[in-house]
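Contents: one structure, followed by commentary.
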Amino acid sequence: MEEQTVVLIVGAGPAGLATAACLTKFSIPYVIVEREDCSASLWRNRAYDRLKLHLAKEFCELPHMSYPANAPTYIPKDQFVKYLDNYIEHFDIQPKYHTAVESCTYDEGRKRWFSVARDVATSMVVRYTTRFLIVASGENSAANIPVIPGLRDFVGESIHSSRFKSGATYSGKNVLVVGCGNSGMEIAYDLASHGANTSIVVRSPVHVMTKEIIRLGMTLVQHVPVNVVDDLLVRLAKFVFGDLPRHGIVIPKAGPLQLKAKTGRSAVIDVGTVGLIKKGVIKVLGNISKIKGNIVEFESGKESVFDVIVFATGYKSTANTWLKNGESMLNNAGLPKKEFPNHWKGANGLYCAGLARRGLAGIAMDAKNIANDILSSYHA
């Protein structure tokens, strides 16, 4: 089966949906394909139950549609999914589900992108010919689990955070959480709250903030230099949380907003984890050196027995596995070569949305930029 259109969008997560909506506003024809059986599968199927958006709703809107007036400041997962469903309906977005892209190649002679996709259910091949190609498959395409000697032979249960739903399953068990980003810290809190004997591996320096402090910072930085705002945020966090390095949490040298801008690493929004760490309910451990059976050995020489290991170690992009001519835009890790805010455009009508590690606000910016750029050459 063959299909020709102006734009092919790969991925129906928030980035793909936002770009589709912006193209719709300009009446630019597109097809959007998604390998899963639903839109935003990360949010629907691979997010833990207690998840809320960590930023205030004004920083988490997709283009051309606000949240309902009565929505809470910090949107719970289920309400965000409902917002996405309303967004799809409002802009009449019709993703082709169960459609896995196998290759996208640019033909210099015909000035077209040739994409081969397969219907996962029927194995039928579909070929798309388009002027423009948008990579919106996400930086969270595949689970990232570090290589640890002995992990394969761990006799307990080891899972990635994408499969974690609730700490209730692990009550009374010895659980190790690897990774101290927002997911790791919140999962550790959830486990401890449900009676698991919880430890967390803090592998690198991290800023810990309250959601109110971050909201203040994101508002102030629109009017005040970022280094001044960062200095204030760090002082406020120290006032609230006290001496975190004493409890095994080292603070980065760069401020939270500057660190996010340079590396994409977000500050951790505390949900109560720090309080449990201070009380000794959650133990903070250093890097793992190896695993023997059910015994985890740490670089400090300490050893502990665990029933479960939860890897909150993030995700990786899989775009390079199917994008054959993406070297103008993506590096070997499948992430943009250029720095924000110039990351979203490659050569020959190639674009990426949602790969800059800037959250939903970054997705909204990418979608608008891409649609405006396509509009400028669509009628040319």
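As a summary of the residue check, Val228 satisfies the conditions (1) touching a residue at least 24 places away in the same chain (Cβ under 8 Å); (2) open to solvent by 40 Å² or more (accessible area, probe 1.4 Å) except for the one numbered (1). Annotation note: of Gly359, Gly334, the sole residue that is surrounded by 19 or more Cβ atoms within 10 Å (Cβ to Cβ) and at positive phi is Gly334. All of Ser137, Ser123, Ser115, Ser103 fail the test of being without any contact (Cβ under 8 Å) to a residue 24 or more places away in the chain and either open to solvent by 40 Å² or more (accessible area, probe 1.4 Å) or not in a helix (DSSP H, G or I) (or both), apart from Ser123.
The rows are residues; the columns are (1) outside any loop (DSSP other than H, G, I, E, B); (2) at pLDDT below 95; (3) β-branched (Val, Ile, Thr); (4) farther than 30 Å from Ser158 by Cα.
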| site | (1), (2), (3), (4) |
| --- | --- |
| Val310 | yes, no, yes, no |
| Asn342 | no, yes, no, yes |
| Arg357 | no, yes, no, no |
| Gly362 | yes, yes, no, yes |
| Ala367 | yes, no, no, yes |
| Ile374 | yes, no, yes, yes |
| Ser377 | yes, yes, no, yes |
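Applying the condition of being in a loop (DSSP other than H, G, I, E, B) and closer than 25 Å to Asn287 by Cα to segment 203-218 and asking which residue is most open to solvent (accessible area, probe 1.4 Å) yields Arg203. Does Ile145 satisfy being within 12 Å of Ile309 (Cα to Cα), of a type in the set (A, V, I, L, M), part of a helix (DSSP H, G or I) and touching a residue at least 60 places away in the same chain (Cβ under 8 Å)? Taking the combined requirement at face value, the residue does not satisfy it. Glu89 passes every criterion in (1) open to solvent by 80 Å² or more (accessible area, probe 1.4 Å); (2) over 30 Å from Ala188 (Cα atoms); (3) touching a Pro at 6+ places or on another chain (Cβ under 6 Å); (4) not hydroxyl-bearing (Ser, Thr, Tyr) apart from (3).
Here Leu84 meets each of (1) touching a Ser or Thr at 6+ places or on another chain (Cβ under 7 Å); (2) over 20 Å from Ile363 (Cβ atoms) with one exception, condition (2).
The values are calculated or read from the model by the stated rules, or taken from the named source; none is laboratory data. In this text, all values refer to a predicted model and were calculated from it rather than measured experimentally. With ideal geometry, Cβ positions are generated from the backbone for all residues, glycine too; neighbour counts draw on all protein chains shown. The area values use the complete protein model at the heavy-atom level, side chains included, leaving out ligands, DNA and RNA. Shrake-Rupley method; radii C 1.70, N 1.55, O 1.52, S 1.80 Å.
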